[in-house]
Structures are given as C-alpha cells and as structure tokens.
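Notes follow the structure.
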Amino acid sequence: MQRIPTRIQSALQQGRVIPAHPLALDADGGFDERRQRALTRYYAAAGVGGLAVAVHTTQFAIRSPRVGLFEPVLAIAADEMNRADARRREPLIRIGGICGRTDQAVREADLLVQLGYHAGLLSLAALADVDDPALIDHCEAVGGRIPLIGFYLQPSVGGRPLSYRFWRRFAEIPGVVAIKIAPFNRYQTLDVVRAVADAGRDDIALYTGNDDAIVSDLVTSFRFDANGATRERRIVGGLLGHWAVWAEPAVRLLADCHAATRAGDVPASLLQRGAQITDANAAFFDAANGFAGCIAGIQEVLRRQGLVASVRCLDPAETLSPGQAAEIDRVCRAYPHLADDEFVAANLEEWMRC
C-alpha cells in the first residue's frame, strides 16, 4: 500500500483548510478547463492546506462514461497543485474521492496513486444494501491500495447511516489516516469521535464536514470516560463544501479556532461568527429545500465572483431552488466580512491566464 508522506500526515493531523473542489462548466454545460484551473489557483493563493477533488462538490457524475471527466479533472488539479507546491513551504494535501462497489473503488484508488494523490476519501453510498462486516471488507480492500479517509455523508445527499460499531471497527484499519464527519447530526458526529477515541487511534485526524456546525466542531473538546480512563479528541480541520467559497477567510477562521483552543478560551465573538457562517451555509446549501440546490448554490457564489461562468451542473435537475438566489443575496449583504470578493477581484485575471 502507498504510504502517506510524513510531512503530509503531520499537516493533516495538525488540521488544515481543505475545500471540496467544484467543477467548472460553461453556459452550455461543457467543461471549462480554463476556469477549472483558475479555481485550483484560487484555493492555493488563499492559503488552504489541501484540496479534495472528485468528491460530492465536484459532482459524482464526472465518473459517467458519457461525461468522461473523472481522470481529466483529477489530472488537472494534480498539475495545478504541482505548480503551487513549487512556490509553497508546505505541500498541499492531495485527496481524491473514491466511489462505487469494491471493483470500481479499487480502480479509482489505483488511479489516485498514479496521479500522485496522498489519500482517498471513501464514499460508501453505493453500498447501502450491505451490512457492517461487508462494509469493513470493502474498506480494507481499498485501504490496501491507498491511505483512507473515512466519510460519513449525510443521507439527504446520498449517504447512509453508519453505526458506532462500524466506526469502531473502521478505526482499526491500519491505512486509515483521517475521517471526514459530515452527517449534519450531533448524535452521529459523537458516534464517530467516540469510536476513534475508544480505538486509541491518536494518529487518525478528525475533520468536520458538518457545514452547519463548522466553528462548534472546531472549538469543542470531546471527552469520553470509559473503564476509569478519560480520552479526549478534537476535530482539527475541515474538509468542506462550504469552504469551496470564501476560502481566504476560512483560512483565518481555522487559525482563530486553533488559537482559541490553545488558549482554552473560546470568545463569544467566534461563536457568533460561527452562527453567521451557518446562516450563510443555509443559503448556499439550500437547507430550506432539503439541500436540493447545494451544488448549484456553491456554483452561484463562485459565478458572482467570476471564478466560474455558470451555475450549470452535470445533472440538469441540479439547479438553484426557487428563492435560493434571494437568500444568497441576503447573506452576502449581511456578512461581507465572511466573503473574499476583493481578494478574488484583485487576482482573478492572473488565475485565468493559461
């Protein structure tokens, strides 16, 4: 199995901002490579610590033979990360999404290794009909090819419920390096954190994918008592679709959360900012309509900044919901301090150069 480089593992465990990389399409729905590259350049310039490519925000349909964008999108992102790393003190953490049944997932893992990705974010959505032992067999098979990042995706956008027992067993897989916790559910979030704590795997980095609770996840100390022993774990970073937009302020946010936890004092102003971020996320992700417009909402914010040309998605049914654009208008007016419009405007021309 490919091993994760020491510097990458150290950065992953310290906690980094890792946006889920979107897909850039033109107004006709065709792939826009120029803006796809500009997006990666934007994230690198914003100071993020890594990128997750070919994940839910990138649109799972890139894997369709009819679309044929899975390998091209991964390769373009890898090429741009190579360029960025040549100018960075710390290399970007490279994460690729892995989907499907075991045969497909293993093939995708092998492609990620070939393209220089460090770890695979493993979606289990395609195995909704199998029990926990079969899920673990699947994870072990993929983990034999590439270091694994577990993924608890909320059921409303295609995930499946996963028990404490599953996560406790998953944490014993040697190749697991991190878990993205994104059930949008506090009970299920605790299941994952407690399972990893009970497994004694201090080397597994915990990342929030709960876009509705980013700050609270990042500033909370999770403590569990069992058999007279106390274990404490923290969620150290975020692998978030929300951080696909307004990425530069997200880097500052994570730094502020880390500073607060080091000081043992979380200021009320930081919690207030967290509530504002959740309000903005509700608009971007279309919470009012069961997240139907979550990908289109991200695209809309990027479109307004000029980073993508269109809100078009590969699935024609994925569009902005009625009233969603007005909600995005509202949160943009309400929270200009959360945005990075000026940063994007000052650098967009450079990022768009071929």
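The values are calculated or read from the model by the stated rules, or taken from the named source; none is laboratory data. This is a predicted model, so every value here is computed, not measured. Every residue, glycine among them, receives a Cβ derived from its backbone with ideal geometry; neighbour counts consider all protein chains shown. Note: accessible area is taken over every heavy atom of the protein model, side chains too, but ligands, DNA and RNA are not part of it. Shrake-Rupley method; radii C 1.70, N 1.55, O 1.52, S 1.80 Å.
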Checking Asn210 against (1) in contact (Cβ under 8 Å) with a residue 24 or more places away in the chain; (2) surrounded by fewer than 24 Cβ atoms within 10 Å (Cβ to Cβ); (3) among the polar types (S, T, N, Q), which test does it fail?
(2)
For residues that are more than 17 Å from the chain's Cα centre (by Cα) and of a type in the set (A, V, I, L, M, F, W, C), scanning just the range 1-19, find the one that is modelled with the highest pLDDT.
Ile4
Quick one: Asp256 ticks every box in (1) closer than 24 Å to Ile93 by Cα; (2) open to solvent by 50 Å² or more (accessible area, probe 1.4 Å); (3) under 19 Å from the mean Cα position of the chain (by Cα) bar one, so which box is it?
(3)
From the list Arg88, Arg101, Arg160, Arg83, which residue is among the charged types (D, E, K, R), more than 21 Å from Ala20 (Cβ to Cβ) and open to solvent by 20 Å² or more (accessible area, probe 1.4 Å)?
Arg101
Number of the condition not met by Ala250 [criteria: (1) surrounded by 22 or more Cβ atoms within 10 Å (Cβ to Cβ); (2) among the hydrophobic types (A, V, I, L, M, F, W, C); (3) more than 28 Å from Thr6 (Cβ to Cβ)]:
(3)
List pairs: first residue in the range 275-295 and touching a residue at least 12 places away in the same chain (Cβ under 8 Å), second residue crowded, with 22+ Cβ neighbours inside 10 Å and hydroxyl-bearing (Ser, Thr, Tyr) anywhere in the structure, Cβ distance under 7 angstrom, at least six positions apart or on different chains.
Ile295/Thr57
Can you say whether Ser156 is without any contact (Cβ under 8 Å) to a residue 40 or more places away in the chain and farther than 22 Å from Gln13 by Cβ, as far as the supplied structure shows?
no
Tally the residues that are outside any strand (DSSP E or B) and either touching a Gly at 6+ places or on another chain (Cβ under 7 Å) or of a type outside the set (D, E, K, R) (or both), restricting the search to the range 146-179.
19
